[in-house]
Every structure is written in C-alpha cells, then in structure tokens.
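The structure under discussion is supplied below as structure tokens; questions concerning it will follow.
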Amino acid sequence: MQLVYRRILLKLSGEALMGDDSYGINTGVLDFVAGEIKEVVEAGVEVGLVIGAGNIFRGVAGASKGMDRATADNMGMLATVMNSLAMQDALERIGVDTRVQSAIPMQSICEPYIRRRAVRHLEKGRTVIFAAGTGNPYFTTDSAGVLRALEINADVIIKATKVDGVYDCDPVKHAEAVKYERLTYEDVLTRGLRVMDAAGIALAKEDRKPILVMNMKVPGNIKKAVFGEPVGTVISC
C-alpha cells in the first residue's frame, strides 16, 4: 500500500486522555495513543499533534463560573502543556523522537513555537507536539490545530474522537443517528454539526484543508487513514 497522507496534524481532545477516569491523565490511554502514533511514524508519516486540556481545565467552563475569560483560557493553555509533556514522555519511552513547542514561551521545559523549526523537526522524522494553543485567549485548541496544520502544510487534519465519524445527532443518545461518510465545510457550518468550532472549520475551508473525523479508540485507525482506507467522516470542499 502507498501512503496517501505523508504529513498529518492529529488533534486529540484532553478528555480522550482521561479514559474511564473522571479527571487527569490515564497512563494506559497515553501509552495506547503513543503506540498508534509510533506505528504511523515507522510507516514514514510526519506527525504534528495538538492536545486539548479538558481533562485538567477548560477555559470556557471556568469563565461560565464567573472567572475572567482571558485568565481562564490562559489556565487552559497551560494545562495543554502538561498534557503535551506527558505525551512526549510516553512517545520517547517507546523510541519516538519528539519535540514539544509551546506558543507561550517556557524554555526550561520545552521549545518556543517557531514554524520553520517545527517543519525542520518533522522533516527529520521527529513528532512535534504543539502546546499552549495559539498563545491567545478566546481561541480553542480546535482552531489551534487547524492553524498549525496550515502552518506546517499538513496533508490532512485528523480529529480523533470517541465515535467513528460525524452523525446527524448524538449516536450515544439516539440509536437512529445517521453517520455521514463525506461532508463539505458548508454542510458542517449550516447544519450546526458539532465537529469543531466554527472558526476552525472556516479556517480549514479557506485553505481547502481536509478534516478526517475518526474513532481514536480503535487500534490501527490512524494507520488505515494515512493509507487511504475508508475510516470515519471526511470533511472537504
């Protein structure tokens, strides 16, 4: 088989790292995700990774309880750095050379985000984890994931979720939910489908960057995706 996507941006939610726990980082999930990434790196794929922080702190939730939104979002961005360092550790323990680059400078624990340096790391076969979102409040890690994908010229954005694609309604609550195989950016925006925030979808649309929504919990799904096998839902023009 031949690779369809040679450089990917993998967007992983913070909640995914909790596993069945109610909070924090489940090391079993961390090791599983690291193993899935290693499999595609060994196949020759260059991997960029953006991780959310919902398992530790979500800025919107803090703001809804009276906290200043900018302060809450800054806390959320710092929480993504914690998740990124944990993922780096899991990857390097199994032999995957990894760099963490933070949009908020903190040189004692990770590199500052520099686009050209990130691209060079990818070209050398290193996995790059982009931490601290965009470095600005009011932007989600979904938007950060699309932005980084555009900056590194990734072939596709893979959004890893707990379901096997995009449905017309919540498949967990509604047994009659219908899965979409393909959608356009306009479909997502006009139908109000909860794939990622509208800013991220609009940004991907402007650059015609495809988004693949798939189930991260199924072993081998990322590898299937990069080799072009039908997995999840594709969002494109």
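The values are calculated or read from the model by the stated rules, or taken from the named source; none is laboratory data. Bear in mind the structure is a predicted one, so any value in this text is a computation, not a measurement. Note: ideal-geometry Cβ built from the backbone for every residue, glycine included; neighbour counts use all protein chains shown.
Considering only region 201-221, I want to know if a residue exists there that is under 24 Å from Val33 (Cα atoms), surrounded by 13 or more Cβ atoms within 10 Å (Cβ to Cβ) and among the charged types (D, E, K, R).
Keep residues of region 201-221 that are under 24 Å from Val33 (Cα atoms), which gives 209-221.
Filter once more, so that each one left must be surrounded by 13 or more Cβ atoms within 10 Å (Cβ to Cβ): 209-218, 221.
Checking the rest, the ones that are also among the charged types (D, E, K, R) come to 209, 217.
Yes, that holds for at least one residue.
The rows are residues; the columns are (1) within 12 Å of Glu46 (Cβ to Cβ); (2) in contact with a Gly (Cβ under 7 Å, 6 or more places away or on another chain); (3) modelled with pLDDT under 95; (4) in a loop (DSSP other than H, G, I, E, B).
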site: Val100; (1), (2), (3), (4): no, no, no, no
site: Ile109; (1), (2), (3), (4): no, no, no, yes
site: Arg117; (1), (2), (3), (4): no, no, no, no
site: His121; (1), (2), (3), (4): yes, no, no, no
site: Ile129; (1), (2), (3), (4): no, no, no, no
site: Gly135; (1), (2), (3), (4): no, no, no, yes
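Considering only region 164-174, how many residues are of a type in the set (Val, Ile, Thr) and either touching a strand residue (DSSP E or B) at 6+ places or on another chain (Cβ under 6 Å) or on the phi > 0 side of the Ramachandran plot (or both)?
Kept after step one, since they are of a type in the set (Val, Ile, Thr), are these residues of region 164-174: 166, 172.
Then keep just the ones that are either touching a strand residue (DSSP E or B) at 6+ places or on another chain (Cβ under 6 Å) or on the phi > 0 side of the Ramachandran plot (or both); that gives 166.
Here the count works out to 1.
Shifting gears a bit: Of all residues in region 41-81 being over 16 Å from the mean Cα position of the chain (by Cα) and among the acidic types (Asp, Glu), which is farthest from Thr140 (Cα to Cα)?
Among residues in region 41-81 that are over 16 Å from the mean Cα position of the chain (by Cα) and among the acidic types (Asp, Glu), the one farthest from Thr140 (Cα to Cα) is Glu42.
A further question on this structure: Can you work out which of the residues in region 1-31 that are at pLDDT 95 or above, in a helix (DSSP H, G or I) and touching a helix residue (DSSP H, G or I) at 6+ places or on another chain (Cβ under 9 Å) is farthest from Ala53 (Cα to Cα)?
Here the residue is Asp31.
What are the residue pairs meeting all of these: first residue in region 191-212, first residue at positive phi, second residue not hydrophobic (A, V, I, L, M, F, W, C), Cβ atoms under 9 Å, and 6 or more apart or on different chains?
Filtered contacts from region 191-212: Arg208/Tyr185; Arg208/Ser236.
Restricting to region 211-237, count the residues that are under 14 Å from Ala160 (Cα atoms) and outside any strand (DSSP E or B).
Kept after step one, since they are under 14 Å from Ala160 (Cα atoms), are these residues of region 211-237: 211-226, 231-235.
From what's left, outside any strand (DSSP E or B): 216-226, 231-232.
Going through region 211-237 one residue at a time, the tally reaches 13.
A further question on this structure: Find the residue count for region 154-178, including only residues that are surrounded by 13 or more Cβ atoms within 10 Å (Cβ to Cβ) and over 17 Å from Ile37 (Cα atoms). Don't jump to the end; show me each part of the working.
Keep residues of region 154-178 that are surrounded by 13 or more Cβ atoms within 10 Å (Cβ to Cβ), which gives 154-161, 163-168, 171, 177.
This time we only want the ones that are over 17 Å from Ile37 (Cα atoms), so: 163-168, 171, 177.
Adding up the residues that qualify gives 8.
Any residue in region 32-40 that is assigned to a loop (DSSP other than H, G, I, E, B), buried (at least 20 other Cβ atoms within 10 Å of the Cβ) and either on the phi < 0 side of the Ramachandran plot or under 17 Å from the mean Cα position of the chain (by Cα) (or both)? Steps first, please.
Residues of region 32-40 that are assigned to a loop (DSSP other than H, G, I, E, B), as a first pass: none.
There is no residue in region 32-40 that is assigned to a loop (DSSP other than H, G, I, E, B), buried (at least 20 other Cβ atoms within 10 Å of the Cβ) and either on the phi < 0 side of the Ramachandran plot or under 17 Å from the mean Cα position of the chain (by Cα) (or both).
Something else now. For region 120-154, what are the residues that are closer than 24 Å to Asp89 by Cα, over 17 Å from the mean Cα position of the chain (by Cα) and not charged (D, E, K, R)?
His121, Gly125
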